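The next block holds one structure in the form of structure tokens; read it before the comments.
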Amino acid sequence: MLNLSKLMKAQKKLDDRIVKEKGLEGKCLLDKKILALQVELGELANEWRGFKFWSEDQSPNITYCHACNGYGYFDSTYQEACDYCHATGIQENPLLEEYVDCLHFILSIGNDIGIKLKGELPSSLVNYTVLDSFSNIFYYVARFSELKTSLLYKNFLITFVHLGKRLGFTWDEIEQAYYAKNKINHKRQEQGY
């Protein structure tokens, strides 16, 4: 199961660094984070492409590993794993990258409003389609923007986590991608991003 409390701690460390290095102490950034989340959700939907009824290409764009040709392994016995793609067969997955960008802002917002996650989120998938999930998340985030209640936060957090499963991501993939992007975000701070 995805350890969101652990990820929230990592996000707080990044957020604290940004606030300190950008001289934002004492400033309320919640509304800007909510808008940033809405923008990232739009980018995630755009990478999903499933709503683009006018397009022949409604599948997410994935670049398969050039070293192993997308197999993840170099032999048919699955013993020689591809180091380049860490045996995933995927070199680049913009859909997962956008999902993780959203997750960064969701965790940051949770930290700002004092959410403490204990235990696991409900794990049974609601019978939503990906499109339904996007619509519900946009609704909950818009309502949260007005009311800023922990119940609305938890609703969009749970719906977002379930969206990740509907998009086909495993908890391990999400967590690995989160930490990889978190590392990039720290590096960006070092480089004056």
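The values are calculated or read from the model by the stated rules, or taken from the named source; none is laboratory data. Please read all numbers here as calculations on a predicted model, not as lab measurements. All Cβ positions, even for glycine, are placed from backbone atoms using ideal geometry, and neighbour counts span all protein chains on display.
Structure above, values below:
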| read-out | value |
| --- | --- |
| Conditions (1) in a loop (DSSP other than H, G, I, E, B); (2) hydroxyl-bearing (Ser, Thr, Tyr); (3) within 17 Å of residue 3 (Cα to Cα); number of the one not met by residue 179 | (1) |
| Sole residue being touching a Pro at 6+ places or on another chain (Cβ under 9 Å) and either in a helix (DSSP H, G or I) or without any contact (Cβ under 8 Å) to a residue 24 or more places away in the chain (or both), chosen from 97, 56, 47, 40 | 47 |
| Residues of the range 148-160 satisfying the condition of being under 19 Å from residue 99 (Cα atoms), buried (at least 18 other Cβ atoms within 10 Å of the Cβ) and not polar (S, T, N, Q) | 153, 156, 157, 160 |
| Complete set of residues in the range 6-29 that are surrounded by 14 or more Cβ atoms within 10 Å (Cβ to Cβ) and in a helix (DSSP H, G or I) | 7, 8, 10, 11, 12, 14, 15, 17, 18, 19 |
| Sole residue being free of Cβ contacts under 8 Å to residues at least 40 places away in the same chain and closer than 27 Å to residue 85 by Cβ, chosen from 32, 6 | 6 |
| Test: residue in the range 78-90 that is closer than 17 Å to residue 177 by Cβ and modelled with pLDDT of 95 or more | no |
| Qualifying residue in the range 59-79 (condition: part of a helix (DSSP H, G or I) and at negative phi) | no |
| Residue 2 within 20 Å of residue 178 (Cβ to Cβ), modelled with pLDDT of 95 or more and surrounded by 13 or more Cβ atoms within 10 Å (Cβ to Cβ) | no |
| Options 108, 133, 145; residue that is part of a helix (DSSP H, G or I), among the hydroxyl-bearing types (Ser, Thr, Tyr), at pLDDT 85 or above and surrounded by fewer than 19 Cβ atoms within 10 Å (Cβ to Cβ) | 145 |
| Among residues of the range 59-68, those that are surrounded by fewer than 16 Cβ atoms within 10 Å (Cβ to Cβ) and either without any contact (Cβ under 8 Å) to a residue 12 or more places away in the chain or touching a Pro at 6+ places or on another chain (Cβ under 9 Å) (or both), counted | 4 |
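Per-residue answers, yes or no, for (1) more than 20 Å from the chain's Cα centre (by Cα); (2) touching a residue at least 24 places away in the same chain (Cβ under 8 Å); (3) under 16 Å from residue 174 (Cα atoms):
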| residue | (1), (2), (3) |
| --- | --- |
| 26 | yes, no, no |
| 80 | yes, no, no |
| 87 | yes, no, yes |
| 108 | no, yes, no |
| 117 | no, yes, no |
